[in-house]
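Report on the following structure.
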Amino acid sequence: MKIPFVSFEKMHNEVREELIQNFQDTLDSNWFIGGIRDAEFEESFAAYVGRKYCIGCGNGLDALMLSLKALGISAGDEVIVPANTFIATALAVSYTGALPVFVEPKLDTYNINPERIEEKITSKTKAIIPVHLYGQPAEMDAIMQIAKKHSLFVVEDCAQAHGAVYHGRKIGTFGDIAAFSFYPGKNLGALGDAGAIITDDQKLAGKVRALGNYGAEQKYNHIYQGNNSRLDELQAAFLSVKLKYLDKWNCDRQRTALRYLQEIRNANIILPYVMEDIKPVWHVFAIRCQERDKLAKYLLEKGIETNKHYPIPIPLQECYKNLNFRRGDYSIAEEISATELSLPMYYGMSDEEISYVIYAINHFSNKRNEQDLIKV
């Protein structure tokens, strides 16, 4: 059996006619930037998350960067970010001229450890970016308490967690502002790059929109040194179709994750920990294994594709060598990077496919020799 790491086939087949119709309607309108489809999606997505304002933009990285710029983050400032996340979170800070300050994650949830945040706060710290990594909410109660104590902004990075719930509230409703990515592989994905920012602050929303429109609130009247980052009408039209099905698709991911959590039983495998009173949406189902590379090779031989999120911690990336971090400086993030393996997770996995993945993992042994591998 062949099982891809991700597949959009069933999802897109179910909404194919709606996508085509919205494409044709947009094409016939001859309006492709800043039109009615963008406005309709922004209104719908703000209502879905539970905030007043949504501003579409070009991608998730821009969503973070524009959020920080709108908050006034600039050169000389510091922003707290997780050491274990996709690099876009740190790059957004760097693009404002500020310094990303890395904080270790928790080994069980993979998310930023609130107990390690305050030790990194200085007089230059202006904001915290909690990432709801892999679709599991970060510990927002503790993070918001720290932010309030130190008068810091909170920018939620929701790129992997569309629809996730923490203590009865959707993520994206806790901080001052929140950033989403609609990269095609996300739970809510466009058919290209796209992103959005949400907030309850009208003034902040207006500034974000202007910053993404060359710094102009009105055409040719530029009040900020802005960027060109706008959600185009085609992507907005596609996202409007898919938003209607997001909860259904997330429920299907939760079905798959529940089976993984209940049925994977192998002493070599560490399953993700799910906190109480939260509802992850499982953008990634991340396990850990000390023989991660051997496990990945074994599964691939069985026809099961996997991925690694992420094999090099941000502080050790070449592009941040100027910060002079060395191996061992972020030992927990490094441990996750060395042991994390992402299992197949997408809408439409059949019970047979899920069972095959579980059976293969349960029959993995780190002592097994290549010649002893058996077909499962």
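Tabulated results
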read-out: Magnitude of the charge dipole, segment 231-376, Cβ model with Lys/Arg +1 and Asp/Glu -1, debye to 20; value: 220 debye
read-out: Reach of LYS126 by Cα under 13 Å, taken over aspartates and glutamates that are not fewer than 8 positions away in the same chain; value: ASP77, GLU78, GLU118, ASP176
read-out: For segment 303-362, size of Cβ-based charge dipole, Lys and Arg +1, Asp and Glu -1, in debye; value: 420 debye
read-out: Answer label, with Cα extents along the principal axes in Å calculated from the coordinates and candidates [x] 68, 46, 42; [y] 70, 53, 37; [z] 66, 40, 37; value: [y]
read-out: Per-residue HN-Hα couplings for segment 323-329 [Karplus 6.51, -1.76, 1.60; θ = phi - 60°; Hz; x = Gly/Pro]; value: 7, 6, 7, 10, 4, x, 5
read-out: For segment 7-61, convex hull volume per residue from C-alpha positions, Å³; value: 121 Å³
read-out: Ordering of 126-136, 22-32, 177-187, 198-208 by burial proxy (mean other Cβ atoms within 10 Å per residue, highest first); value: 126-136, 177-187, 198-208, 22-32
read-out: Computed [θ] at 222 nm, helices only, for the chain once each DSSP H run of length n ≥ 4 contributes -39500 (n - 2.57); value: -11000 deg cm²/dmol
read-out: For segment 1-98: rounded, prolate or oblate by the Cα gyration tensor [a/c cutoff 1.5]; value: oblate
read-out: Kirkwood hydrodynamic radius of segment 199-319, from inverse mean 1/r over distinct Cα pairs, in Å; value: 19.2 Å
read-out: Reachable lysines, given that their alpha-carbon falls under 18 Å from the alpha-carbon of LYS219 and they are not under 8 places away in the same chain; value: LYS207
read-out: Values of log10 I(q)/I(0), in the order q = 0.22, 0.23 Å⁻¹, for segment 177-267 under a Debye, Cα-only, solvent-free model; value: -1.10, -1.14
read-out: Cβ-defined net charge surrounding ALA333, 12 Å radius [Lys, Arg +1; Asp, Glu -1]; value: -2
read-out: Measure of compaction for segment 280-368 (Cα Rg per 2.2 N^0.38 Å); value: 1.28
read-out: Tilt relative to the chain, helix 292-301 - C-alpha long axis, 0 to 90 degrees, to 10; value: 80 degrees
read-out: Packing-based ranking, highest mean first, of 312-319, 87-94 given that Cβ atoms within 10 Å are counted; value: 87-94, 312-319
read-out: Protection-proxy order for peptides 73-82, 253-262, each taking the mean of Cβ atoms within 10 Å per residue, highest first; value: 73-82, 253-262
read-out: Point-charge dipole on Cβ atoms (K/R +1, D/E -1) for the chain, about Cα centre, debye to 20; value: 460 debye
read-out: Top positive-direction residue, dipole computed over segment 147-250 with Cβ charges, set GLY163, GLY192, ILE177; value: GLY163
read-out: Computed log₁₀ I(q)/I(0) - Debye formula, equal Cα scatterers, no solvent, segment 29-147, q 0.10, 0.16, 0.19, 0.21 Å⁻¹; value: -0.36, -0.84, -1.08, -1.22
read-out: Contour minus Cα-Cα distance for ASN322 and ILE270 (0.36 nm per residue); value: 15.3 nm
read-out: In degrees, nearest ten, helix 351-362 long axis to first principal axis of the chain (Cα); value: 60 degrees
read-out: Whole-number accessible area per residue in Å² for the chain, which is evaluated in the context of all protein chains at 1.4 Å; value: 44 Å²
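The values are calculated or read from the model by the stated rules, or taken from the named source; none is laboratory data. Quick caveat: nothing in here was measured; it's all calculated off a predicted structure. Positions of Cβ are generated from backbone atoms using ideal geometry, with glycine treated the same way; all protein chains shown enter the neighbour counts. All accessible areas refer to the heavy atoms of the entire protein, side chains included, with ligands and DNA or RNA removed. Shrake-Rupley method; radii C 1.70, N 1.55, O 1.52, S 1.80 Å.
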